[in-house]
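First the structure, in the form of structure tokens, and then the observations on it.
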Amino acid sequence: MERELEERERRQADQDLDLLRACARGEQAALEALYRRHASAAHAFAFRICNHAADADEAVCEAFFEVWRTAARFDARSSVRTWLFGIVRHKALDALRRRNPREETLVEEVVVDCPDDAPTPLDRLMERQRVEFVVDCFQRLPEPQREALHLALVEEMRLRDIAAIQGVPENTVATRIHHAKRKLMDCVAVATGMKKARPGDDSPT
Amino acid sequence: MTEHEPTAQSNGTSPAEQAWLARTRAQLEQATPGFDADGNWQRLSARIQAESFRQGTPRRRASWHWGGWTAWLAYGLGVATTAAVLLVITPLREEGTGPQTVSPLGEASTPSAPAGRVLQVVFRDEVSLGEVRALLASLDAEVIGGPGRLGVWHVVVPREREQAARQTLRQHPWVESVSP
């Protein structure tokens, strides 16, 4: 089973490489194929970094434009997907820096003020709140930990791929993921009342 | 990739933690906003075409400057050849069919004009591409070029909405200038 998965991943990586080579030759259809394969995941990753849908759109657009311009310079030291996510990361971080930080504080306020005005059954309301708690706690994680956990959890990437994207050693990535998981668990537990908040524990940062 | 290499999140985690992570993953995916893949591809595609157009123009101009005197020589030869052809062909045509209306050659190759009014718009630096797209979409405007080095976007708006679109853009806080 795992062998099959690995074989499929390898085939997909080879196809990505073929598409990128075609991009380097100026074939726009190849870029579109590459875009169709990865844009949605790239968007989810960008959104997780900058927490702004329009900025995530822009980051993805910018990243694929960069792929188009620099396809001929790809040195195949990592997979195309890893390389692409590295570009998306830079673009999303640029967008995050440009964005007014005032909007980031709103995320923290949501955790404190639980939305409770929807006339839905209690279990559905609690479930909805729990999603919001998880998302808000996730957004509170320090940015490098947030990236690492997203790539590990949602994209199911390996340590070495995440390390290549973040430009740090694998051990650092492993530590980031470990701390991110612990902080996320604690934050959600506090937010849902399963655990008491300690002084200074308001934010997992 | 080594065989059976675990993914980063599954590395040394208990079944309970795996379950919690799977649930968290599902919740995160549920909370991610939808992605308009087609709309974004259209935008990216337009940008690539605009960029290739922008890069093509200076290249042609550069070759013209580089070949200064050769370009003038080629132009002169072209004019002389055209004049010679006209001198030979025109009398023949007049002899054969009598007076005719001659339409300029340029008419045949003139590209069709855009189906609306072209405006040149400069947006403020802090405005994102997503916001530009949203604003232009609300005016039924379409990007046909730019942004160039000076940040000028060439957009075409429907003729019947030209005045309203221009006014909206001029008054919009995201827009720095609109011309004409």
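Read-outs: derived from the displayed coordinates by stated rules, not from any lab. Remember, it's a predicted structure, so these values are computed and weren't measured experimentally. Don't worry about glycine lacking a Cβ; one is built from the backbone with ideal geometry, like all the others, and counts go over all protein chains shown.
Restricting the GluC sites (Glu not before Pro) of region A:128-183 to loop positions (DSSP other than H, G, I, E, B) with no more than 16 neighbouring Cβ atoms within 10 Å leaves A:GLU156.
Look at the stretch A:156-162: the mean tally of other chain Cβ atoms within 10 Å of its residues' Cβ atoms is 5. Per-residue Karplus couplings for region A:62-79, computed as 6.51 cos²θ - 1.76 cosθ + 1.60 with θ equal to phi - 60°, are listed in order as 4, 5, 5, 5, 5, 4, 4, 6, 10, 4, 5, 9, 5, 9, 6, 6, 9, 6 Hz, Gly and Pro entered as x. Taking every pair of alpha-carbon atoms in region A:123-192, what share in percent sits in each 10 Å bin, from 0 to the bin with the longest distance? Taking all Cα pairs of region A:123-192, the binned fractions are 22, 46, 24, 8, 1 percent. On the basis of the beta-carbon distance and an R0 of 22 Å, B:VAL152 and A:ASP94 show a calculated FRET efficiency of 0.50. Entry for region A:1-83 at q = 0.15, 0.24, 0.25, 0.26 Å⁻¹: log10 I(q)/I(0) = -0.58, -1.14, -1.19, -1.23, Debye formula applied to identical alpha-carbon scatterers, no solvent contribution. Phi angles across region B:76-83 convert, under the Karplus curve 6.51 cos²θ - 1.76 cosθ + 1.60 with θ = phi - 60°, into 3J(HN,Hα) values of x, 5, x, 4, 5, 5, 4, 4 Hz, Gly and Pro given as x. Among the trypsin sites (Lys or Arg not before Pro) within region A:1-75, those in coil by DSSP and having at most 13 neighbouring Cβ atoms inside 10 Å are A:ARG25. Between B:ASP125 and A:ASP14, the distance separating the two model label sites (each 7 Å from Cα on the Cα→Cβ line) works out to 4.9 nm.
Please give the FRET efficiency for B:SER14 paired with B:PHE53, using the beta carbon to beta carbon distance and R0 = 56 Å, rounded to the nearest 0.05. Computed FRET efficiency for B:SER14 and B:PHE53 comes out at 0.45.
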